[in-house]
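Down below is the structure, laid out as C-alpha cells.
The values are calculated or read from the model by the stated rules, or taken from the named source; none is laboratory data. Note that the structure is a prediction, hence the values are computed from the model and not measured. Note that we place each Cβ from the backbone using ideal geometry, even for glycine, and neighbour counts take in every protein chain shown. Ligands, DNA and RNA are stripped out before the accessible areas are found, and what is left, the full protein with its side chains, is counted by its heavy atoms. Shrake-Rupley method; radii C 1.70, N 1.55, O 1.52, S 1.80 Å.
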Amino acid sequence: MTRDTSNVDGARLWSTLMETAAFGATAKGGLRRLALSQEDAAVRRWFVAACEAAGLTVVIDALGDIFARRAGLDPDLSPIAIGSHLDTQPTGGRFDGILGVLAGLEVVRTLNDAGLVTRHPIEIVDWTNEEGARFAPAMLASGVFGGAFDLGYAQSRTDRDGVAFGEALEAIGFRGDALVGGRTLAAHFELHIEQGPVLEAAGRDIGIVTGVQGIRWFDAVVEGQACHAGTTPMARRRDPLQGAARLAAAVDRIGRSEPDVSLSTIGQFEAFPGSRNTMPEVVRLSIDLRHPRDDGLDHMERSLRAEAADIAETLGLAITLTPVWASPPVVFAPACVGAVRRAVADLGCAAQDIVSGAGHDSVYLSRVTPTAMIFIPCLGGISHNEAESITPDQARLGAEVLLRAVLAFDRAS
Ligand SMILES: [Zn+2]
C-alpha cells in the first residue's frame, strides 16, 4: 500500500503492537499483563521510551497514569487526549486497550513525519488498571480522574494476595507526582476493539460509538415454604423455585422487548437448602438489565417489578428485588462524535453507529471532558480471551479514523 505522510503507517503500527505483545506473552498467543505487575512495568518503560523518542514530554500522576504530550501551536489550549489501557485480563488478548494507546503513538509519529503541528497539544494516555482483574473495580484510575472514586479508595484496593494498589505502584516505580485529575483535557478519544460481534456481522469496518449502555443490577429473593417432596400435594405447595423460574422467563422477555437494544441476564441462580427431596424455601437470583437510555431502563425495571408482584401473588410467594448497583447510560459529546463522523466520511469507510456494551475508560472521562470512541471489529467478537484477533488492516483503518477525528476536532474547537 502506498502511503503519503498524512496517512498512518499500518506496518509500523502493527510491528509496534507485536513488539509490545512480548511483555506478558502467553503460550497460546495472548497476554497476561495484570495491572502494576512486572509485565505491566516492562510495557510502561517501553511506552515511556517510545514517547520520548517521538519527542513527547511524559508526566505520570499519583495513580501511575502516563500522559505523553506533543506540544501544540497555542499554549493556552488544553490537550486533546488519546487514551486507553496497556493492562490485560489474566488470559487476555493483544489488542483490548493496547490498540487505543499504541494507535495514539502512531498518530503522533504520523504528525511528526508530516511536520504537522496541531493547535491543541496532543496527549497519549495509558490509564492504570482498566481491567479490574487484579484490583477491583475496573476503570479504577480513570474513575478517579473522572470523579467517580476518590484517590484513597483507589490506592487502598488490594489484590488477592493482599497487596495494595499503592504498594504495587510504588514497587514498580510508577507513582508519579502529578495530581490525579489535576489537568484539563479539551477532549478524549479512544480507539478500541468492539469486543462483540455486531460490526463483523454487519460487514462494517468502523463503529461510531455514540455512548455506553446503562446497567442496573438487582438481587432477587423468592421465598416460599420448604416441604417434603413426597407428602405435600401439589395444590398445597408454595414453591419458590417455580416462582423463580417464572421470574427468569419474565426477565428473558424483558430483555427481548427491544431487539438489538435491551439486554437482560440471570447469572446466578441458587436454591436453598438444596436437597433433592425437599422443596426449597428460598431461591436467590441475580438480575442484570442493560439499555442505552435511562427511560428504557426505567421501563425495564417497572416491567420487572410488575411481573414479580404478579408471580408472587399467583403462587403465594414473597419476592423482593433489591437494587445492588447501577451505572447510568453514557451519551458521548456531539462535538467528538461529530469529529469521528467527519473522519469516517473523509475516508468513505463502511461505518455504523453503535452503543458500547462494555465499560471503558471513556465512560469516566466523559464525566469531565468531551469524549468519543471508535470501534473496529474483532474476529468473531471474541475478547477477554487469548484468541482475540484483528487484522493489520483493521488496526490501520482504526488509527486512520482516530488521526482524522483528532485533526477534525482540533480544527473545529
Ligand atoms: Zn479495554
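Things worth noting here:
- Some residue of the stretch 362-376 being touching a residue at least 24 places away in the same chain (Cβ under 8 Å), within 14 Å of the ligand (Cβ to nearest atom) and either open to solvent by 40 Å² or more (accessible area, probe 1.4 Å) or charged (D, E, K, R) (or both): no
- Meets criteria (at pLDDT 95 or above and under 26 Å from CYS378 (Cα atoms)) for GLU170: no
- Subset of the stretch 72-114 [away from the ligand (no atom under 16 Å from the Cβ) and in a loop (DSSP other than H, G, I, E, B)]: GLY72, LEU73, ASP74, PRO75, ASP76, LEU77, SER78, PRO79
- Any hit, the stretch 216-230, residues being open to solvent by 20 Å² or more (accessible area, probe 1.4 Å), at pLDDT below 95 and polar (S, T, N, Q): yes
- Scope the stretch 148-200; condition under 17 Å from the mean Cα position of the chain (by Cα) and open to solvent by 50 Å² or more (accessible area, probe 1.4 Å); matching residues: PRO197, VAL198
- Of all residues making up the stretch 254-276, the number that are closer than 14 Å to GLY296 by Cα, open to solvent by 70 Å² or more (accessible area, probe 1.4 Å) and touching a helix residue (DSSP H, G or I) at 6+ places or on another chain (Cβ under 9 Å): 2
- Subset of the stretch 343-361 (residues that are surrounded by 15 or more Cβ atoms within 10 Å (Cβ to Cβ), more than 15 Å from PRO329 (Cβ to Cβ) and touching a residue at least 60 places away in the same chain (Cβ under 8 Å)): ALA343, VAL344, CYS349, ALA351, GLN352, ASP361
- At least 3 residues being more than 18 Å from the chain's Cα centre (by Cα) is the threshold, and among the strands (runs of 3 or more DSSP E) wholly inside the stretch 309-396 those reaching it are 318-327.
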